[in-house]
Amino acid sequence: MDMDIKKATTITFSPTGTSRTVANYIAQGTGIAQIDGIDLTHEAVKASLGSDELAIISAPVYGGKVARLAVDRMSEICGNGTPAVVISVYGNRHYENALVQLADLAREKGFVVIAAATFVGEHSYSTPANPIAVGRPDDGDRAQALQFGAAIKQKIDAGNLSEIDAAAIDQPEQIEGAMATFKSTIARWMTEGMPSIKTPTTDASLCVHCGLCVKLCPNQAIEAGNECVTNPDRCIKCCACVKGCNQHARTLNSPFAPLISQNFNNHKENKTII
């Protein structure tokens, strides 16, 4: 069966840009001439995709799940038997149920999930003191994304729109004992009542009130003119403001950063299923 796919449309929620980067490289790899993008990072977008499009849906993993705001922002996106690829981008720990969740969500919205992948991106909490997958997606990741896109197009050109089981994808390789250490530490913290860090903090002596953090925040947690304050009820701890601040005025001192950095510092490979 000859499938006439006229364009590829990326659908991304990507506060720090990693999920968008992966989706864009996959789209380029397909070789489809027309590539459109729907960015859900700052607002919901109403869109209906046809069966002659390829949807490439990419979102970050927060705590083993699809970012809650990404799920909310997809509420007005729908497919009409549209072939789709779903990608979970995670910070080198584990994506847990996020990929299956994203695939299920896509199907509920009228998409036919013909391929899926997990890609590693630099963790939101990564810092020089606690590096976690620094610089990823790197050149190797981008090359794999291009190859994955080409393989998806080969499947489509062969007239194969069979759905995949996202749960069947290979699991990430873990350092022996790392996950057990991580979970036992979390359990101990919960027992001890260790407070969590709610929002990034700002060094007022470094902040120049340029307003960039206001623009970067995906959930309007920072107000123009009051950039040193972050609304804890709206902050999703994506660290877009931290990573994007040119003055290095904002930091998020999460106890999870050293824990993840110490236990999940192996170079995890991206996984795909077609």
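Identify all residues within region 107-129 that are in a loop (DSSP other than H, G, I, E, B) and out of contact with any Phe, Trp or Tyr (no Cβ under 9 Å at 6 or more places or on another chain); write none if there are none.
Lys109, Gly110, Glu122, Ser126, Thr127, Pro128, Ala129
Check Ser205 against each of (1) part of a loop (DSSP other than H, G, I, E, B); (2) at pLDDT 95 or above; (3) in contact with a helix residue (DSSP H, G or I) (Cβ under 9 Å, 6 or more places away or on another chain); (4) of a type in the set (Ser, Thr, Tyr) and name the one condition it does not meet.
Failed condition: (3).
On the basis of being touching a strand residue (DSSP E or B) at 6+ places or on another chain (Cβ under 6 Å) and either of a type in the set (Asp, Glu) or farther than 22 Å from Gly135 by Cα (or both), does Thr9 make the cut?
The answer is yes for Thr9.
Can you tell me which residue within region 54-66, out of those that are out of contact with any His (no Cβ under 9 Å at 6 or more places or on another chain) and surrounded by fewer than 22 Cβ atoms within 10 Å (Cβ to Cβ), is farthest from Asp157 (Cα to Cα)?
Only one residue tops the list, namely Gly63.
Give region 218-243 a look and list any residue that's at negative phi and in contact (Cβ under 8 Å) with a residue 40 or more places away in the chain, or say none.
If the condition is that a residue be at negative phi and in contact (Cβ under 8 Å) with a residue 40 or more places away in the chain, then Pro218, Asn219, Ile236, Cys238, Ala240, Cys241, Val242, Lys243 are the ones that fit.
Test each condition in (1) farther than 26 Å from Leu161 by Cα; (2) not in a loop (DSSP other than H, G, I, E, B) for Ala84 and report the one that comes out false.
(1)
For region 210-237, name all the residues that are among the polar types (S, T, N, Q) and over 17 Å from Phe13 (Cα atoms).
Of everything in region 210-237, those that are among the polar types (S, T, N, Q) and over 17 Å from Phe13 (Cα atoms) turn out to be Asn226, Thr230, Asn231.
Looking at Thr21, Thr41, can you tell me which residue is touching a residue at least 24 places away in the same chain (Cβ under 8 Å) and under 20 Å from Asn92 (Cα atoms)?
Checking each option against the conditions leaves just Thr21.
Restricting attention to region 83-100, report how many residues are out of contact with any helix residue (DSSP H, G or I) (no Cβ under 8 Å at 6 or more places or on another chain) and surrounded by fewer than 23 Cβ atoms within 10 Å (Cβ to Cβ).
Summing the residues that are out of contact with any helix residue (DSSP H, G or I) (no Cβ under 8 Å at 6 or more places or on another chain) and surrounded by fewer than 23 Cβ atoms within 10 Å (Cβ to Cβ) in region 83-100 gives 2.
Could you tell me whether Leu216 is modelled with pLDDT of 95 or more and surrounded by 15 or more Cβ atoms within 10 Å (Cβ to Cβ)?
Here the answer is yes, as Leu216 does meet what is asked.
Could you grab me the full set of residues in region 133-190 that are of a type in the set (Phe, Trp, Tyr) and either touching a helix residue (DSSP H, G or I) at 6+ places or on another chain (Cβ under 6 Å) or over 19 Å from Ser261 (Cβ atoms) (or both)?
Phe148, Phe182
Filter region 208-217 for residues that are assigned to a helix (DSSP H, G or I) and free of Cβ contacts under 8 Å to residues at least 40 places away in the same chain; which is nearest to Pro131 (Cα to Cα)?
The extreme case among them is Cys213.
Exactly one of (1) farther than 30 Å from Leu105 by Cα; (2) modelled with pLDDT under 95 is unmet by Ile186. Its number?
Only one criterion is unmet by Ile186, namely (1).
Taking the options Asp72, Asp36, name whichever one is of a type in the set (D, E, K, R) and either closer than 18 Å to Lys7 by Cβ or surrounded by 16 or more Cβ atoms within 10 Å (Cβ to Cβ) (or both).
Result of the check over Asp72, Asp36: Asp36.
Does region 112-123 contain at least one residue that is surrounded by fewer than 24 Cβ atoms within 10 Å (Cβ to Cβ), modelled with pLDDT of 95 or more and under 12 Å from the mean Cα position of the chain (by Cα)?
yes
The values are calculated or read from the model by the stated rules, or taken from the named source; none is laboratory data. Because the structure is predicted, anything quoted here is derived from the model rather than measured. Reconstructed Cβ throughout: ideal geometry from the backbone, glycine too, with neighbour counts over all protein chains shown.
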